[in-house]
Amino acid sequence: MKFRTRLLIAFGVVVLIPLLVFGLGIRREMSKRVTAEYERRVAALVNVISADIARESDRIAARLAALQSSLGNDNNFRNVVVRGADRAYVLDYAGDAMRLAGLDFLQIQDGEGRVVSSGHFRNEYDRLGPAVPGTGPALVRAAAAEGPFLVLVTSDSLSIGTRRFRLIGGITVDSQFLARLARDPELGVGLVLPNDTTNADSGKLVVGELPLPYVDATDGPGRVEQARIVVTRSSALLTALQRNVNLWFAAAVLIAALAALLLAGWLSTRISEPVEARIAIGDIARQVTHDIKNGLAPLRNVFRHLTQVARDKPADLPQVFAERQGTVESSISYLETLAANYAKLSPQSERKATDVNTVVRDTIGASGTVRTKLAEGLPPVSADALVLRRVIENLVSNALDSLDGRVGTVTITTESRKDIVRISVSDTGRGMSKSELDKAFDDFHTTKPGGTGLGLSIVRRLVLDSNGSLKVETEPGQGSTFIVEIPILS
């Protein structure tokens, strides 16, 4: 086992593993607390929606009560329904009354449920109206001349002479109505109707719901079913509090881990004798552990405090979180400074005349898995040979991984173009989609089990530090080509 490997393993045991265990424990506990707070937000929104529906139902009921009183005293209406006078007055009655009452739907039904007058659709006369249950709020899909529409309705009844009549009034339920119900910016409100697949949205996760009676009366009285007003969130969305907890703590752990890795890399280039290496590892590991613990101790105290508040006084959690934010940011700043100081131990690259083909041959050695097409007579480039080797090693490693164990090829090509030398690393692997390519160079983004997500990020930084450029040509299923261009030595 190489000394560099032993050194990294030693640092992993001394620093990284305790950090990981500590971080997972804190994250798990805080996730429980944040989830409970999130569930309370959902329950609160469901209660608000229920109250809003009840309030709209009460407004409709108040307008129906006013219509009931007016209708009971209307002698013209009484003459038509009791004595059989000219029915034109009755046919127009609901339309005029609906507009005056500010409703979008109004029906007057007789004791058998037949429509005596319809405000939204005059042609419904003498048809069986919707079989709306009770007097509470319900949803009705109603027919109209312009096409079906959805309404929130409630009902009332009255007697004229010996005949019983029922008033059903409502308001339109559309996207604007649902938007008014959504009070939480991170939660959406939707409507799910029976047997209505158009409302299915695989990108949304239902986290709460409010059932309502539902009648589809577009073709007859219909039957009472159940609709649901649902509270949804995006399947990729995290609550703001959980994002902050995760990001802040992850930042602290990653900065500490990077500090340890940078120091391990520095030591691996400086120490050659095993005895000296062990002594240096012990001394530096103790120093790193001490420095990191100094930065993590305040973070641990903050998260313990937040855990206690979330358990005993959950309502105070946002305020306490804001009060302790300064401590968290101060600790992270300390760890960032620590990482920066360790980074200064890394040697600076030295750009000089470098033969690209020689670096390629030294990198792949006698490997039979990588093909080469090296142009003869390439001019030297201005680059650090060690840096260029790291770039090629990372690109070749990624190319081999993209084959996923299948038969395929990895090819390195060199050529000269004007004032640059081009190095292309091509593979016949799985390729990348546009969304994958957009994230490929992000720090810590990886698609490989156990990967660090730093390979391509490091490649880009090293190429840019060499005044070069990096681009990618890729298609899903067709492989990828990473193209590095380094300026010729002037």
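What the table below lists for this structure:
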{"item": "Potential extension, Asp110-Glu376 segment - 0.36 nm per residue separation minus Cα distance", "result": "86.0 nm"}
{"item": "Accessible area per residue in Å² at 1.4 Å probe, computed on the stretch 97-219", "result": "48"}
{"item": "Estimated Rh, the stretch 26-184: Kirkwood, alpha-carbon pairs, angstrom", "result": "17.4"}
{"item": "Listed peptides 477-487, 309-319, 138-148 by packing density, highest first (mean Cβ within 10 Å)", "result": "477-487, 138-148, 309-319"}
{"item": "Residue-wise HN-Hα coupling along the stretch 307-322, computed from phi with Karplus coefficients 6.51, -1.76, 1.60 (Hz; x: Gly, Pro)", "result": "4, 5, 5, 4, 7, 9, 9, x, 5, 8, 4, x, 5, 5, 4, 5"}
{"item": "5 angstrom amide H check on Ala440, placed H, neighbours 5+ away", "result": "none"}
{"item": "Check: the stretch 92-211 dipole with +1 on Lys, Arg Cβ and -1 on Asp, Glu Cβ, in debye", "result": "280"}
{"item": "Surface accessible to a 1.4 Å probe, per residue, for the residues of the stretch 368-490, Å²", "result": "54"}
{"item": "Surface accessible to a 1.4 Å probe, Tyr125 within the full protein complex, Å²", "result": "80"}
{"item": "Distant-in-sequence amide H partners of Tyr214 (H built 1.01 Å from N, under 5 Å)", "result": "Leu139, Glu225, Gln226, Ala227"}
{"item": "Under-5 Å amide H pairs with Arg164, H placed in peptide plane, nonlocal only", "result": "Gly111"}
{"item": "Karplus (6.51, -1.76, 1.60) ³J(HN,Hα), θ = phi - 60°, over the stretch 477-484, in Hz, Gly and Pro reported as x", "result": "x, 10, x, 9, 10, 9, 10, 10"}
{"item": "FRET efficiency, 1/(1 + (r/R0)^6) with R0 56 Å, evaluated for Arg99 and Ser435 via beta carbons", "result": "0.60"}
{"item": "Computed accessible area, His120, all protein chains, 1.4 angstrom probe, square angstrom", "result": "30"}
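The values are calculated or read from the model by the stated rules, or taken from the named source; none is laboratory data. From a predicted model like this one, the values you see are computed outputs, not experimental measurements. Note that each Cβ is placed from the backbone with ideal geometry, even for glycine, and that neighbours are counted across all protein chains shown. All accessible areas refer to the heavy atoms of the entire protein, side chains included, with ligands and DNA or RNA removed. Shrake-Rupley method; radii C 1.70, N 1.55, O 1.52, S 1.80 Å.
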